[in-house]
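Peer 1: Before I ask anything, here is the structure I am working with.
The values are calculated or read from the model by the stated rules, or taken from the named source; none is laboratory data. If you're wondering where the values come from, they're calculated on a predicted model, not measured in any experiment. When we count neighbours, we look across all protein chains shown, and the Cβ atoms used for this are built from the backbone with ideal geometry, even at glycine. The protein model used for the area step is the full one, side chains on, heavy atoms only, and it has no ligands, DNA or RNA in it. Shrake-Rupley method; radii C 1.70, N 1.55, O 1.52, S 1.80 Å.
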Amino acid sequence: MLEAAVSDVLDEDWADRTTVGWFLALPFVAAIGIWAIFDHQLSVPIGAIGLLLLIGYGRHVVLGSVVDPELPAVGDIGGLAKSVLVGGAVVIGLVGVPTGLAVLALWADASPIATAVSELTAATVVAVVFLAGAYLTPAALAVSGRRLRVAESSAGDRRASRTDALVAIVSSRDYGIATLQAILALFAIGAATLMLIVTVFGLAVLPAVVYLAVAVSARRYAYAVDRALDPRAVDELEDRTVSWL
């Protein structure tokens, strides 16, 4: 299944995709090396930039339907820049702000709530808020840019339709499976980092591993979105794509 997934993501232009994808993931991987070897403070902004690039490309992939076998070009600077901005705003709004507010409310010395709950309870609430936001994020990224079949009568109808689409996506079985597979991809990245970071050659390979994990996970989320919003079109896909999704 892994071989089919990677083949579907890379397709025939694997050399170009892997090369450009390597540079796309390089800031994030470089931040890990800088944190481990040189300066912790310097690694934070570099890691943030690298994470935004990966989020932006992930949104770029999620916006595309799996009915189209071609992934968005990794060299599409204009589309990637837009996805970085929108994706960053979505992640901050769904994950960063709620989690930050929960931390301030439950751990800040000036908060009246902080003294009324235990550290375990506070940590549990913060973790739940973070995980809930992270779970909603891929669907929100897809809804933020996909052309949905909505009524053109008023802005209110358009917002309601996007909300319905978001609910349909996150409550679907395929979206839950995509989330589990994305979690496995994160563990794979972590294991690969531990194994590869100790050698110069490993550091050279790691950006490609990170890029492939992001691309495969985003492609799986794109399938879940298609299945929730347009199942009839997904049923007509070739076996090459469906076999691993």
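Peer 1: For residue 116 and residue 128, compute 0.36 nm times the residue count separating them, minus their Cα-Cα distance, and round to one decimal in nm.
Peer 2: Working it through step by step, the gained length comes to 2.5 nm.
Peer 1: For the peptides 111-122, 126-137, what is the packing order when you average, over each peptide's residues, the other Cβ atoms within 10 Å and list the highest mean first?
Peer 2: Averaged packing, sorted descending, gives the order 126-137, 111-122.
Peer 1: Using a 1.4 angstrom probe on the protein heavy atoms only, could you order 124, 18 from most to least accessible area?
Peer 2: Largest accessible area first, the list is 124, 18.
Peer 1: Report ³J(HN,Hα) in whole Hz for each residue of the stretch 41-47, in order, from the Karplus equation J = 6.51 cos²θ - 1.76 cosθ + 1.60 where θ = phi - 60°; Gly and Pro get x.
Peer 2: Those phi angles translate into 5, 5, 6, 5, x, 5, x Hz.
Peer 1: Provide the packing ranking of 184-192, 218-226, 80-88, 172-180, i.e. peptides ordered by the mean count of other C-beta atoms within 10 Å per residue, highest first.
Peer 2: 218-226, 80-88, 172-180, 184-192
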